[in-house]
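Notes to accompany the following structure.
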Amino acid sequence: MLNVTNLHAYYGKSHILQGVNFNIKEGEIVSLLGRNGVGRSTTVKTIMGEVEPQGSIQFKNIEIAGKKSFEIANMGLGYVPENRDIFPTLTVRQNLLLGQKSDASSSRWSIEEMFGMFPNLGERAEVAGGVLSGGEQQMLCMCRTLMGDPELIMIDEPTEGLAPKIVEQVAELLQEIANRGVAILLVEQKLSIALKISHRLYVMGHGQIVYEGTPDSLMAADDVRAEWLEV
Amino acid sequence: MLEVFIFATLNGLVTGLLLFMLASGLTLIFSMMGVLNFAHASFYMLGAYFAYSISLYFGFWSGLIFAPIIVGVLGALVERYGLRRVHQQGHVAELVFTFGLAFLIEEAVQFFWGADTKNYQSPDLLDFPLFTLFGQEFPAYRGFMIGISVAIFIGLYYVLTKSRIGIIIQAAITHPHTVSNLGHNVPLIFMGVFGVGSALAGVAGVIAGPVLTTFPGMAVVLGSIVFVIVVIGGLGSLAGAFIASILIGLLQSYAIASNLGMPDLLNLLGLEFGRDHPLTDLWTLTLPQIAPILPFLLLVLVLIFRPTGLMGKREQ
């Protein structure tokens with residue numbers, strides 16, 4: 001479904017992505033792991049067209065490198081940014097409406113369903129998004145992207161700074177997304193959720209993929225974890 | 001005294017609403033681009049001139065409908081093929097671009113329509129007194145100006161806060177990347193907002209042309225006050241722009257209507273100066289005389305004591 005081949009990206013003169021290769025198949029949950037600053041977030045931003053890509057990015061066998069963000073989103077690629085960029089002055093419901101595409105009738109997600117899954121959001125449907133707690137904002141941000149009915153959703157550090165109970169909710173939502181046949185690229189620093197739900201994992205270091213495997217194989221590879229993941 | 005006050009208030013309201021029609025578009029465009037569009041008042045002037053030309057053949061009402069549409073399309077084209085390219089060169093380049101455009105439009109207006117004042121008339125249909133109070137008539141056309149301004153603002157408010165496109169615009173102004181990642185064509189939205197903002201300025205030109213006279217300097221006259229308004233209101237704040245527009249409209253209107261002057265103030269203080277005093281011009285100043293500079297005086301005071309304007313947020 002997503003094929004990234006020899007992807008390079010620059011911030012000014014610094015060479016951030018130095019030939020990234022990975023792929024995601026339909027309905028698959030894939031995690032992209034690594035320490036801070038190795039280029040995980042830049043990888044998803046580059047796929048989304050926020051950072052100028054060099055190399056090949058194919059989504060559903062169509063080259064998307066060089067396309068604009070909104071075109072890529074409309075092809076069915078969803079992105080939940082790390083900074084939980086909700087619109088603080090708009091209500092929870094309006095935030096969700098913004099995620100909808102113009103043709104929302106065929107979407108596998110509806111606003112009422114989201115409120116059913118997350119009663120906290122439902123109770124605050126008409127409240128400004130800015131007053132929600134960090135965990136609620138994260139949920140809102142994920143639900144908002146889902147409203148656009150993506151076939152692949154890229155989620156950047158959804159559990160960062162959240163209480164363990166909320167982290168569990170995030171994991172449940174990720175499972176629900178996968179159950180509905182949506183592929184997931186989960187970008188994480190910690191292993192906890194990633195090991196539990198992923199089909200496959202990639203580990204990044206210095207702007208490249210340094211390891212590819214399954215949760216089991218990564219647990220067995222003590223050297224990889226020590227060199228690239230543990231702090 | 002009461003009739004002076006009532007008429008000054010109504011006239012101030014007419015001016016204030018007219019100013020807000022320009023200031024609202026300018027504020028929206030500023031929030032989007034991050035720079036003031038110096039050519040904004042030029043679109044107001046174009047509105048008046050297009051409406052004048054259309055009215056010669058098809059009457060005032062056709063001008064009211066078609067002139068803003070033409071101006072809106074022109075504005076959208078300026079954004080699409082001018083500003084969007086210049087934007088990559090940074091804010092200074094954008095500012096200089098809009099500055100140049102303002103001069104260009106003024107020259108073009110003189111080239112096509114001439115330097116003289118046009119005889120652009122309000123429609124005969126509205127050529128009657130709306131009401132008579134204390135023997136003084138309030139023209140129906142001014143009532144019409146208030147009505148159409150209020151109607152447009154209610155419509156604009158409704159679209160911006162209640163409709164899906166309005167919500168997308170609000171979000172795109174503050175979070176363009178995020179909105180784009182959700183699949184919305186942000187550049188197209190910006191072009192649309194620029195077009196509608198220009199069209200609003202066009203409407204203001206159409207309805208102000210017959211009252212404030214249609215001449216090549218009209219953009220400069222009103223434009224400078226509109227810039228004062230967006231600064232006083234707080235750059236980027238629609239509510240601030242509204243308050244400042246009404247405030248300036250009323251302030252100017254009251255100043256013109258009053259017959260107070262320095263002599264009254266001096267009398268109050270018990271001072272008296274002879275006619276042959278070297279500063280006679282200063283001692284005899286009246287409020288109506290200084291009315292035109294009041295907005296700029298307010299601008300200077302606001303910038304000194306409240307640099308963010310009435311409703312503006314402090315820049316990060």
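The values are calculated or read from the model by the stated rules, or taken from the named source; none is laboratory data. This one's a predicted model, so the numbers in the text were calculated from it and none came from an experiment. Every residue, glycine as well, gets a Cβ built from its backbone with ideal geometry; the counts of neighbours run over all protein chains shown. With ligands, DNA and RNA removed, areas are computed over all heavy atoms of the protein, side chains included. Shrake-Rupley method; radii C 1.70, N 1.55, O 1.52, S 1.80 Å.
Relative contact order for segment B:91-203 using alpha-carbon pairs under 8 Å, separation at least 6, rounded to a whole percent?
Working: 42 pairs, mean separation 10.1, N = 113.
Contact order relative to length: 9 percent.
Pick out, in residue order, every one of the trypsin sites (Lys or Arg not before Pro) in segment A:103-181 that is DSSP loop and has at most 13 other C-beta atoms within 10 Å; say none if there are none. Before the final figure, lay out each step's value.
On the way: sites: A:ARG108, A:ARG124, A:ARG144, A:LYS165, A:ARG180; in loops: A:ARG108, A:ARG124, A:ARG180.
Those satisfying the criteria are A:ARG108, A:ARG180.
Please list the non-local residues whose amide H lies under 5 Å from the amide H of B:GLY261, H modeled 1.01 Å from N, same-chain partners needing a gap of 5 or more.
Placed amide hydrogens put B:LEU287 under 5 Å from B:GLY261.
Between B:HIS184, B:HIS91, B:HIS277, find the one with the highest GNM mean-square fluctuation for chain B; connect C-alpha pairs within less than 10 Å.
B:HIS277
Out of B:LEU301, B:LEU235, B:LEU125, any idea which swings most in a Gaussian network model of chain B, alpha carbons joined below 10 Å?
In this elastic network of chain B, the residue with the biggest mean-square fluctuation among B:LEU301, B:LEU235, B:LEU125 is B:LEU125.
Putting +1 on Lys and Arg Cβ atoms and -1 on Asp and Glu Cβ atoms, find which of A:GLN175, A:PRO119, A:SER69 reaches farthest to the positive end of the dipole of segment A:45-190.
Going by the charge dipole, the pick is A:SER69.
Looking at segment A:1-63, which GluC sites (Glu not before Pro) are DSSP coil and have at most 12 other C-beta atoms within 10 Å of their C-beta? Please list the in-between numbers first.
Values: sites: A:GLU26, A:GLU28, A:GLU50, A:GLU63; in loops: A:GLU26, A:GLU28, A:GLU50.
Passing sites in segment A:1-63 are A:GLU26.
Rank A:HIS15, B:HIS40 by accessible area, highest first, at a 1.4 Å probe radius? Don't jump to the answer; show the numbers that get you there.
Working: A:HIS15 65, B:HIS40 0 Å².
Listed by decreasing accessible area, they come as A:HIS15, B:HIS40.
Could you grab the relative contact order for segment B:2-217? Cα pairs under 8 Å, six or more apart, rounded to a whole percent. If you can, show how the numbers build up before the last one.
Values: 269 pairs, mean separation 89.4, N = 216.
Reported as a whole number, the value is 41 percent.
Taking a quarter of the surface of the Cα convex hull of segment A:2-229, what do you get in nm²?
On the way: hull surface 48.5 nm².
The Cα convex hull of segment A:2-229, projected and averaged over all directions, gives 12.1 nm².
Please work out the average accessible area per residue across the protein assembly as shown, using the 1.4 Å probe convention, and give it in Å².
On the way: 25440 Å² over 547 residues.
With all protein chains present, the protein assembly as shown gives 47 Å² per residue.
Based on DSSP H runs of at least 4 residues, each adding -39500 (n - 2.57), what is the mean residue ellipticity at 222 nm of chain B after dividing by all its residues, to the nearest 500 deg cm²/dmol? Display every interim value, and only then the final one.
Working: 15 runs with 228 residues, N = 316.
Dividing the helical sum by the residues of chain B leaves -23500 deg cm²/dmol.
Checking the a/c ratio against 1.5 first, then a/b against b/c, what shape does the Cα gyration tensor give for segment B:3-76? Walk me through the numbers on the way to the answer.
On the way: a/c = 2.99, a/b = 1.08, b/c = 2.76.
It is oblate, given that a/c is not under 1.5 and a/b is not larger than b/c.
Mind checking which of A:PRO81, A:SER133, A:ASN95 is farthest towards the positive end of segment A:58-154's charge dipole, using Cβ charges of +1 (Lys, Arg) and -1 (Asp, Glu) about the Cα centre?
Going by the charge dipole, the pick is A:PRO81.
Before anything else, pin down the relative contact order of chain A: Cα pairs under 8 Å, at least 6 apart, normalised by residue count, whole percent. It would help to have the intermediate numbers written out before the result.
Values: 448 pairs, mean separation 65.8, N = 231.
So the answer I get is 28 percent.
Given a 1.4 Å probe and every protein chain left where it sits, what share in percent of the accessible area of the protein assembly as shown is carbon and sulfur? Intermediate values should be presented prior to the final figure.
Numbers: 15620 of 25440 Å².
Using a 1.4 Å probe with all protein chains present, the protein assembly as shown comes out at 61 percent carbon and sulfur.
Work out the length of the dipole vector of the protein assembly as shown about its Cα centre, built from +1 on the beta-carbon of each Lys and Arg and -1 on the beta-carbon of each Asp and Glu, and round it to the nearest 20 debye. The partial results should precede the final answer.
Numbers: 31 positive and 43 negative charges, 59 e Å.
In debye, rounded to 20, the protein assembly as shown gives about 280.
Answer rounded, prolate or oblate for chain B, using the Cα gyration tensor with square roots of eigenvalues a ≥ b ≥ c: rounded when a/c is under 1.5, else prolate when a/b is larger than b/c, else oblate. Please list the in-between numbers first.
Values: a/c = 1.79, a/b = 1.41, b/c = 1.27.
Note, shape of chain B comes out prolate.
Over chain B, with a Gaussian network built from C-alpha contacts below 10 Å, which listed residue (B:LEU238, B:LEU13, B:LEU287) shows the highest mean-square fluctuation?
The residue that fluctuates most here is B:LEU287.
What is the calculated FRET efficiency for A:LYS196 to B:VAL92, with r their C-beta to C-beta distance and R₀ = 51 Å, to the nearest 0.05?
0.45
What residues of segment B:232-269 lie in the reach of a label at B:THR161, counting those whose backbone N is under 17 Å from a point 7 Å from the Cα along Cα→Cβ?
Counting only backbone N, you get B:237-244.
Just reorder B:ASP264, B:ASP281, A:ASP85 by solvent-accessible area, largest first, 1.4 Å probe, all chains present.
Working: B:ASP264 70, B:ASP281 130, A:ASP85 35 Å².
From most exposed to least exposed: B:ASP281, B:ASP264, A:ASP85.
Let me spell out the model: positive unit charges on the Cβ of Lys and Arg, negative unit charges on the Cβ of Asp and Glu, origin at the Cα centre of segment A:27-151. What dipole size does that give, in debye rounded to 20? Can you show the working numbers first?
Details: 12 positive and 15 negative charges, 52 e Å.
Roughly 260 debye for segment A:27-151.
For segment B:199-258 and segment A:136-203, what is the separation of their Cα centres, given in Å?
51 Å
Averaged over its residues, how many other protein chain Cβ atoms are within 10 Å of peptide B:170-180's Cβ atoms?
Details: counts 5, 9, 2, 0, 5, 6, 1, 8, 13, 6, 9.
That average works out to 6.
Using DSSP to define loop residues, name the GluC sites (Glu not before Pro) in segment A:147-231 whose beta-carbon has at most 15 other beta-carbon atoms within 10 Å. Walk me through the numbers before you get to the answer.
Numbers: sites: A:GLU151, A:GLU160, A:GLU168, A:GLU172, A:GLU176, A:GLU188, A:GLU212, A:GLU227, A:GLU230; in loops: A:GLU151, A:GLU160, A:GLU230.
Filter output for segment A:147-231: A:GLU160, A:GLU230.
Share of antiparallel DSSP beta bridges in the protein assembly as shown, in percent to the nearest 5?
Numbers: 27 of 45 bridges.
Bridges in the protein assembly as shown that DSSP calls antiparallel: roughly 60 percent.
Out of residues 5 or more away from A:PHE118 or on other chains, whose amide H comes under 5 Å of its own, with H placed 1.01 Å from N in the peptide plane?
Those qualifying (amide H under 5 Å, at least 5 residues apart or on another chain) number zero.
Let a ≥ b ≥ c be the square roots of the eigenvalues of the Cα gyration tensor of segment A:125-177; is it rounded (a/c under 1.5), or, if not, prolate (a/b larger than b/c) or oblate? The partial results should precede the final answer.
Numbers: a/c = 1.93, a/b = 1.13, b/c = 1.72.
Oblate is the answer for segment A:125-177, as a/c is 1.5 or above yet b/c matches or exceeds a/b.
Would any residue of segment A:130-159 have its amide N under 18 Å from a label point 7 Å out along Cα→Cβ of A:ARG108? List them or say none.
Answer for segment A:130-159: A:142-155.
Place +1 on the Cβ of every Lys and Arg and -1 on the Cβ of every Asp and Glu in chain B, take the dipole about the Cα centre, and give the residue among B:GLY234, B:GLY114, B:SER31 whose Cα lies farthest towards its positive end.
B:SER31
So if we plug the beta-carbon distance of B:THR9 and A:THR91 into 1/(1 + (r/R0)^6) with R0 = 25 Å, what FRET efficiency do we get, rounded to 0.05? Working shown, then result.
Values: r = 37 Å, r/R0 = 1.48.
According to the calculation, E is roughly 0.10.
Where nothing but the Cβ of Lys and Arg (+1) and of Asp and Glu (-1) is charged, how large is the charge dipole of segment A:2-229 around its Cα centre, in debye to the nearest 20?
Numbers: 20 positive and 28 negative charges, 65 e Å.
Using Cβ point charges on Lys, Arg, Asp and Glu, segment A:2-229 gives about 320 debye.
Could you sort A:ILE16, B:ILE232 by their accessible area in this structure, using a 1.4 Å probe and putting the largest first?
Values: A:ILE16 45, B:ILE232 0 Å².
Reading off the accessible areas and sorting them downward yields A:ILE16, B:ILE232.
Give the B-A buried accessible area in Å², both sides summed, 1.4 Å probe, nearest 100.
Working: alone 16610 and 10480 Å², together 25440 Å².
Answer for the B-A pair: about 1700 Å² buried.
Quick check: Cα centre of segment B:58-100 to Cα centre of segment B:156-178, how many Å?
Spelled out, the Cα-based centre of one part sits 21 Å from the other.
Using only DSSP helix segments of four residues or longer, with each worth -39500 (n - 2.57), what per-residue ellipticity at 222 nm results for chain A after dividing by its residue count and rounding to 500?
Numbers: 9 runs with 76 residues, N = 231.
Computed mean residue ellipticity for chain A: -9000 deg cm²/dmol.
Using r as the Cβ-Cβ distance of B:LEU104 and A:GLU160, and R0 as 41 Å, what FRET efficiency do you calculate, to the nearest 0.05? Could you put the intermediate results ahead of the total?
Working: r = 51 Å, r/R0 = 1.25.
Calculated transfer efficiency: 0.20.
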